[in-house]
Structures are given as C-alpha cells and as structure tokens.
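Below is one structure; the comments refer to it alone.
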Amino acid sequence: MAPLLLQLNGERAVVLLYICQILFSTPLSLLSQAFSLSLLTLFALSVEISADDPSNPLSQFFKTRPGVTSGIMLGAMTLPGLMVSRLIQVSRLVSLHEAEVGELEYLNLQYWTASAICFAVLLFICFIFRLHHTSAGSTCSLFNRDTKFGVACMALFVGICYMSFLGKTYGGLSATLIILWVLCHGLAAVYLIQNILRTFSACFSVGEGLLVTAGFVIYFGDMLFYIASKIPGYWVSSNLVFLENGIKRDEIHIIIQGITLGLLLFPVFYRYVLKIWQCPASSSSSQDMSNHEIRRSFSFCALLAFMLAVAVPSWMQFVHDFHMHPLLWVFNFVFSEPLKRLSLCVYWVAVIYVSVIWFYNISKKSTIERILLRKYYHLMAVSIFVPALIFQPKFLDLAFGAALAVFLMLEIIRVWRIWPLGHLVHKFMNAFTDHRDSDLLIVRCVICFLQCMLRCTPCFFVDIDCLLPQSSSLCSHFSLLLGCALPIWLSSGVTDRPLAPFAGILSLGIGDTMASMVGHKYGVIRLSKTGKKTIEGTAAGITSVLAACSVLLPLLASTGYIFTMHWFSLILSVTTSGLLEAYTAQLDNAFIPLVFYSLLCL
C-alpha cells in the first residue's frame, strides 16, 4: 500500500479523496459494496501506475490520445463510485419508506455490473502487460505483480458478489444466474474497449475509453434486461421477480431510451440502403450527381421517418403500456400545461437563436480562443436549464431527450453530407472545434459499438471510410448536453438531495466556465509545472459554485423542498470536483458532473 501512495499525483489524490468520502458515508448494510469498491480502487491505482510507466507496452497496443496520462483510475472509479452513492441515497429513502426495496436491489445489481466491467477491463490490461513482456523475453516483476494481484482481486470480487446475492431472498440458482449476467457485462466490455481504442486511434485516453465502454454496456444491458422482463416466461425463478419490480420506468424515460436506440441503430440500416442504392447507380455513367444527391436525401428522410414514427414507437408500446401512440402521448404531455411549457419552449428558442448567431459571428471575426468562446455556451446552458429544472423538471427530462435526438440526427446528416443541410452543419460546427475534437466521429463510434455488440464481421462495414469523410467533428456539444442531463435523469423520482440534479449545470455551466475565464485572464500561479491550470482559476471555479449554491438553496426552499444538506459536506464536495477539474487532463465534461453528482448524493 505504501509504495502505491508514494506514486500519487494530483489527479490520483483527488480520486482517492472522492472514494474516501463515499466510503466514509457508507452504512454497514452496504459493507460488501464498500469493501469491493476499496479493492477496485487499489487495483485501479496499481494498474494506472504501471500503465503510466515509461516502459509499459500499453502505448504499443493502443494508440491513445497524446499528451495526457492514461486516466485509468478515474475512468475505473467514476461509475462504481456513482452507483455506491446512489445506493447510499436510496437506502436512506427506503428506511424512510419513500422508496421500494426492489429499487434498491436493482440498483445493487447495477453496481455489481459496473464493478465487474471495471475489474474485467483492468485485468485485461494486466494481461496485455504480461503477454508483451513474456513475448519480449523479459521478466518484469512490476507487471507480474499486477497480473497476480489482478487475478486475486477478480476472484475475491466474484466471491463477494456471489455471497452478496446469496444472502438475499434469492435461491442458489438465481444468485448463480445473476453472477453470470454480471460477468457477461465484463466480457462485453473487454471486447468493446479494444474496438473503441483501435477504431478511434489517438482520440481517447484509456480512462475515457473505459468510461464510454462502461456507459454503453450498462445502458444497453439495462435495456436488454428490461425487454427480457416483458417476455412471458422469462423469469426462471419467482424470486427474480423481486428484481423486476425494482426497474422503474416512466413514459418519458421509455421515450428517451427508444429514440436513442432507434437513432443508434439507424446508421446500420441506412448503410444497407445506401449500399443497395449505389449498386445501380454505379452502372449508369450519365447519372446527374445532383439528382443522385436528392434521391439519396429522400431515402434518408424516408428511412428516418419510418424509424421514428413506426419502428421505435412499436418497441415503446411493447415494453410500456402507453394506451396511445407515443408521439400522441408527447403531444398531450406538452399541451397538458400549455402556458408554462410552450412559454418555456419560446424562451429556449429565443435564447438559443440569439446566442448561436452572436457566438458564430464572433467566431468568424474575433481572435478569441475557441476554448473561451465555447465557455459562453456553458453560461447559455445555465440560463436555459436552471429555470426549467426548478419549475418544470419532468418537461426538462423530455427536452433533454429531444435535444440529444436532434444532436444525433445533425451528426448523422453532417457525416453523410445529406443534402441540403450536411455541408452547412459541417461548416457551422467546425467554427467551434479545438484540438480535443479532431477525428471524434460520433457515428463511427455508434457503428463500432453495434459491430461489437452484434458480433458482426469487420467486412460488414468494409466501405465505411468512403462514407465518413476524415474530418473533424464537434464532440463537446454531446458531452456538455449529457454532462448537464445525466444528473437530472439519475435524480428522477424521489430524492432527498435537491442540489444533486444541478450537479452538471453547476460544475460545467458555472464552475468550469469561471475557472477557465479567470485562469486565462488573471491566472499566474500554476498548480503543476506541466499543466496549464492555475490556482486563481481553480479558486474562482470553487467560489463561484458555492456562491451559486447559496442562491439556489433559498430559491429551492421557497418551492417546497425540505433540506438535509450540510454546508461542510457541500464545501467538501465542491472543492473535490473543483480540484478534479484542475488536475485532470481527461475530458472534464464527462467526469466532473458524475463525480460532483455522486458527492452531492451523500
């Protein structure tokens, strides 16, 4: 343990502080989860130290994003830490009879799934180290130690997990099936992360790839579990119905999940249509290119309309009883409070239109750095999301889903150059790119994921490079949207921590923005010799978030919330997330909101 602590840098120390706060708040009823989280922390720290060693072979196996550390510890601890924080929160609500025990048990299954994914990927990285040095004829005790330690940790984790489920109301067969279900997520994650890091060469760090992998596998595993629960005769044991009852889905979340699934599957179907469409076109030498683009655009729109109006609603009605077409349900939901919700829509459109036009003109004429220009969008997000989150939280849930769908459709249109918007969208988005956005093609990521999950052969997408031009793509609008939306989606339902849904808005919209602006203009004292972050910027970010919380707390109290928030824990949470933003070189839009949300739940 002591040699590991001597290897701490700023990022690793902040991650340890994050985990220690979670462990300190964990009740005795979650002792097995706390022990496994501690074990995962030590394993992740050990693997990251080995991966960042100059002699490590990981850089030869995966070409990761240059100029940053591996980020393995942060990537491995974010989601499991989040799950334990949610378990602590829901266990409090269960004790107050404000949540059902089934919800706690299903969240417990999600925690073990997230941990299994991280353990499996870390163990896979250890085997990369060992195999490389064995083939090179060297015997490095460091990498041999990591492999042995990893195998021991994985075996101990499986044992703890099995005993955790065996001690519940499940029988032995049910506990065994659950363990197999959990471990299958780990195998899927190992397979997926290899494809992601190889397909997106130099686009991700290992930690970022691990977070993306874990998110994809958990999300689609949860969807598969929910679909299977709707199939008659699926449950082999009546005890497992206890878990089924813990799956809480309302209409809004079903709609968001269905639209997301449909748009992620859309590139696969459009790939088939495009392949069939281009076959006769290649035999016609006199074909007019403009007519071909128009026909291609028509086929795109027709397939997209069928997907969103027929295929996706059919899936929604299979897994949830809507009593009407889901699109009609959305229409009725919006017009159930027409004055409030339509007024909010008008306000959003006005703010977005004015801001986008203004910032776009500035980007073409001004010499302002792109990273500062994009921070203005963070402030715009605050002005858009805060009023809706206070007064219309359910409508904001639906609006986030609609915005995500629009972003995905625009990205597909941009990548495939769909006439007449493809070129215009591409030109507009390039005005806000910076060095972190190059070559991050969202649709390629989707196709890579589907190829892995459906186990298609590589030749299935053999012509994909000719369809996806090698150009830069703006990924920050996705990460900003998800960074603000995920804490709100995770907090849907009963919560005893009203500030938790604001985690993304506070950390990205206010803290990150103020830290960047103050650090850029007035920052002098750097936190590290190699980094660009300054003490002045970090202090400004932390102070601004605390000031925003002091304004939000009385405002939320006036709307009827009852608070159990203590200022000491709030200051510690804000400081931890602020220090993480200062020390990490990973994608802060992805990690900081989730870490801050986890701490606010405590």
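Structure notes:
- Each of the peptides 535-548, 202-215 was scored by the mean count of other Cβ atoms within 10 Å over its residues; in descending order, highest first, they stand as 202-215, 535-548.
- Paramagnetic reach from HIS292 (point 7 Å along Cα→Cβ, amide N under 20 Å) across region 252-276: 270-276
- Shown are MET163, MET316, whose ranking by accessible area with a 1.4 Å probe and every protein chain present, most to least, is MET163, MET316.
- Normalised by 2.2 N^0.38 Å, where N counts its residues, the alpha-carbon radius of gyration of region 481-602 equals 1.05.
- When LYS375, LYS275 are compared by accessible area at a 1.4 angstrom probe, the order from most to least is LYS275, LYS375.
- If you sort the three axes of the alpha carbon gyration tensor as a ≥ b ≥ c, you get a/c of 1.5 or more for region 72-114 and a/b no higher than b/c, which makes it oblate.
- Accessible surface for LEU107 stands near 20 Å², nearest 10, in the context of the full protein assembly shown (1.4 Å probe).
- Between ALA557 and LYS394, full extension at 0.36 nm per residue minus the direct alpha carbon distance yields a gain of 56.8 nm.
- Taking a ≥ b ≥ c as the square roots of the eigenvalues of the Cα gyration tensor, region 38-127 is classed as prolate, since a/c reaches at least 1.5 and a/b is larger than b/c.
- Solvent-accessible ranking of THR26, THR78, largest area first, probe 1.4 Å: THR26, THR78
The values are calculated or read from the model by the stated rules, or taken from the named source; none is laboratory data. Given the structure is predicted, the values throughout are model-derived calculations rather than measurements. Using ideal geometry, Cβ is built from the backbone for each residue, glycine included, and neighbour counts are taken over all protein chains shown. Note: accessible area is taken over every heavy atom of the protein model, side chains too, but ligands, DNA and RNA are not part of it. Shrake-Rupley method; radii C 1.70, N 1.55, O 1.52, S 1.80 Å.
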